[in-house]
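Colleague: The following block contains the structure, expressed as structure tokens.
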Amino acid sequence: MADPMISQSTQSQLNIAASTTPRHQHRLHLENPTPSPSSSKHVNRLINSNHYISPSRPIFSDRFIPCRSSSNFALFNISLPQPSATAGISPGCGGKEDNPSAYAALLRNALFGPQTPDKKDWGAGAAGQNIFRYKMETRQSLHSLSPFGFDDMSDLGVSNVAIKTPRKVSRSPYKVLDAPALQDDFYLNLVDWSSHNVLAVGLGNCVTKLCDLGNDDGVCSVGWAHRGTHLAIGTSNGKVQIWDASRCKRIRTMEGHRLRVGALAWSSSMLSSGSRDKSILQRDIRAREDFVSKLSGHKSEVCGLKWSYDNRELASGGNDNRLFVWNQHSSQPVLKYCDHTAAVKAIAWSPHLHGLLASGGGTADRCIRFWNTTTNSHLSCIDTGSQVCNLVWSKNVNELVSTHGYSQNQIILWRYPTMSKLATLTGHTFRVLYLAISPDGQTIVTGAGDETLRFWSVFPSPKSQNTDSEIGSSSLGRTTIR
């Protein structure tokens, strides 16, 4: 009898508790002391309400997981793989998890390019290979800020090439000097800059602050020796004078040419002179003779002469549209280049590569050509659009400057070997016939028939330059150009 009483008491207590609660506030009503499985689950949910998460309620947390169902994968040329029918996962956000193959495809294309096959398409031999490989240095392209862009990038999405900031070149000269009586003659060479930072300019019948040849003679060319203070002056009477500029004294006069001497070139103690009489004379200023050898080959006036940096080869250009190369002992040219169609005055040897020679043609040609004298080959040609009057190569960087006449009278800074224009400088109103470079290789001076000399800062300083040096464009403001 005890057990029924206990059971009845328990049941009555539960019924009483239920009956004392208002009908509209009922939360629990047990009709049977043995609960059903569905009611047990409902009770457990109420008891553990702080831990139960409804599948239909949104989940908020400190992590942001994007919904890829609304992503526009067509922007990246990515086709979204169709979900497997057996997987039971939809591409939306309401499934157990978004399809991971879409993200894998996006990541694979961003890292390795759109042509990279999926791992399941690899051959059996590559199944064990790791697609991620360690590299010592990887630089992202600065031209592409998008994580999915491939501008200027390799197929791997990275670039090992450093982006160089273009060097700024001033378009204006930092100094302009008057040069009265500076002749407008294409075949003359009247400006040269010495290793001691002294500028020589031929003005009419005199050289600035050095000598006066008188009314019966005129200056046609000037050229400084590579070392020391000796200056050679070619005259309209066919003579060559040697002056010691430090003492303002003429030390020698040499003859041999019948007509004006418009081109000079030094090689140690040897001096080469080119003349309108079509010949080139080799002179040793230590010898008593006026010249030691004569080079014949040009059919018209010799207007360009340059020795190579190793003093082994002499390049000559003439009004016969010919470019010749001579060695130290030849009396006939060892190399002949006949591609120019106008006078060849502009000649420059590269200080960076042995045997690399640049030449420029006159009004009917307008081209700069490059030659390899070691292999006797023509390397390249570029049409500048104007008469090429002068060429000079920078010794600090692999760049060169050309000056021009008809019809644009401009100065162009080129990068070699691409021959891309770094700057175009204007200001002269006549042909830019004269060009010289400072001893530190940073500054050029140009002269024209407008009777002006203009100084331009075009080349960077050498890496080994001493900041305390008194030579350079920065020092020109406090030193005297003589």
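The values are calculated or read from the model by the stated rules, or taken from the named source; none is laboratory data. As the structure is a prediction and not an experimental result, all values here were calculated from the model. So basically every Cβ, Gly included, is an ideal-geometry build from the backbone, and we count neighbours across all protein chains shown. Note: accessible area is taken over every heavy atom of the protein model, side chains too, but ligands, DNA and RNA are not part of it. Shrake-Rupley method; radii C 1.70, N 1.55, O 1.52, S 1.80 Å.
Colleague: So what are segment 238-342's ellipsoid semi-axes, whole angstrom, largest first, if each one is the square root of 5 times an eigenvalue of the alpha-carbon gyration tensor?
Modeller: They are 24, 15, 12 Å, listed largest first.
Colleague: For segment 379-430, what is the Kirkwood estimate of the hydrodynamic radius, computed as the reciprocal of the mean inverse distance between distinct Cα atoms, to one decimal in Å?
Modeller: 11.4 Å
Colleague: While we're here: How much length would be gained if the chain were fully extended between Cys381 and Val176, taking 0.36 nm per residue of separation minus their Cα-Cα distance, in nm to one decimal?
Modeller: Extending this stretch completely gives an extra 70.5 nm.
Colleague: Remind me, relative contact order of segment 156-308 in percent, using alpha carbon pairs under 8 angstrom and six or more residues apart?
Modeller: After rounding, I find 14 percent.
Colleague: Quote the charge dipole size of segment 322-401 about the Cα centre in Debye, to the nearest 20; the model charges only the Cβ of Lys and Arg (+1) and of Asp and Glu (-1).
Modeller: Around 160 debye, computed over segment 322-401.
Colleague: On to the next question. Label point 7 Å out from Lys294 along Cα-to-Cβ: which residues of segment 207-242 have amide N under 17 Å?
Modeller: It comes to 238-240, nothing else.
Colleague: Mean projection of the alpha-carbon convex hull of segment 359-399 over all orientations, in nm²?
Modeller: 3.4 nm²
Colleague: Considering only protein heavy atoms, what per residue accessible area in square angstrom results for segment 252-341 with a 1.4 angstrom probe?
Modeller: 45 Å²
Colleague: Starting from the residue with the highest accessible area, list Tyr174, Tyr187, Tyr103, Tyr416 in decreasing order, probe 1.4 Å.
Modeller: Sorted by accessible area, descending: Tyr103, Tyr174, Tyr187, Tyr416.
Colleague: Between Asn215 and Arg252, what is 0.36 nm times their sequence separation minus the Cα-Cα distance? Round to one decimal in nm.
Modeller: Additional length available on full extension: 11.3 nm.
Colleague: For segment 321-425, which whole percent of the accessible surface, found with a 1.4 angstrom probe, sits on carbon and sulfur atoms?
Modeller: Answer for segment 321-425: carbon and sulfur cover 47 percent of the accessible area.
Colleague: Write down the accessible area per residue of segment 353-407 in Å², having rolled a 1.4 Å probe over the full set of protein chains.
Modeller: Per-residue value: 34 Å².
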